[in-house]
Amino acid sequence: MKILVINGPNLNMLGIREKNIYGADTYENLLEKIQKYCDNENIEVEFYQSNHEGCLVDRIQEAYFQNIDGIVINPGAYTHTSIAILDALKSVMIPTVEIHISDVKTREPFRQISYVSYYAKKTIMGMGTDGYIEAIKELCK
Ligand code: DQA
């Protein structure tokens, strides 16, 4: 099992940005937590973070040629705007779980739409960074 964990804009700022919403874990802490879980479960994992929409599309396309079995994606603010990321996921047809650290459903109206949700087999939200582990578990089911 080979999983790719993709994080979109501003998620590299975890531990600095709006800690009351996203918690105190840094992006590095997050990667360590996921890596540890995957090592224990014998899952191969790769990470990618970008603040640029086109780079996220490129990385999703690359995943197809790498034979990635599953994608965990937190598209950040592109969740609510990016048809291009949705189309990339639909193009590669790799099973995908969407994850949000915060509970977007209880936040501002502009966060209520998720384009990625049209493709993702499941969306996990409001569990903090533990949600990434839940997303991996979903992909392994
Ligand atoms: C987020 C929620 C988005 O609305 C926001 O733009 C983010 C992070 C989350 O993980 O809760 O950058 O995806």
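The values are calculated or read from the model by the stated rules, or taken from the named source; none is laboratory data. Everything numeric here is computed off the predicted structure, so don't read it as measured data. We place every Cβ from the backbone using ideal geometry, glycine too, and count neighbours over all the protein chains shown. To get the accessible areas, we keep the full protein, side chains included, count just its heavy atoms, and leave off ligands, DNA and RNA. Shrake-Rupley method; radii C 1.70, N 1.55, O 1.52, S 1.80 Å.
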For the range 94-135 versus the range 1-31, the gap between their alpha-carbon centres in whole angstrom: 14 Å
Total lysine pairs whose alpha carbons fall under 14 Å of each other in the range 24-141 (8 or more apart, or interchain): 7
Mean accessible surface per residue for the range 2-139, computed with a 1.4 Å probe while every protein chain stays in place, in Å²: 48 Å²
Carbon and sulfur %, accessible surface of the chain computed with the full protein complex present, 1.4 Å: 50 percent
Net charge, Thr26 excluded, C-beta distance under 14 Å - Lys, Arg +1, Asp, Glu -1: -1
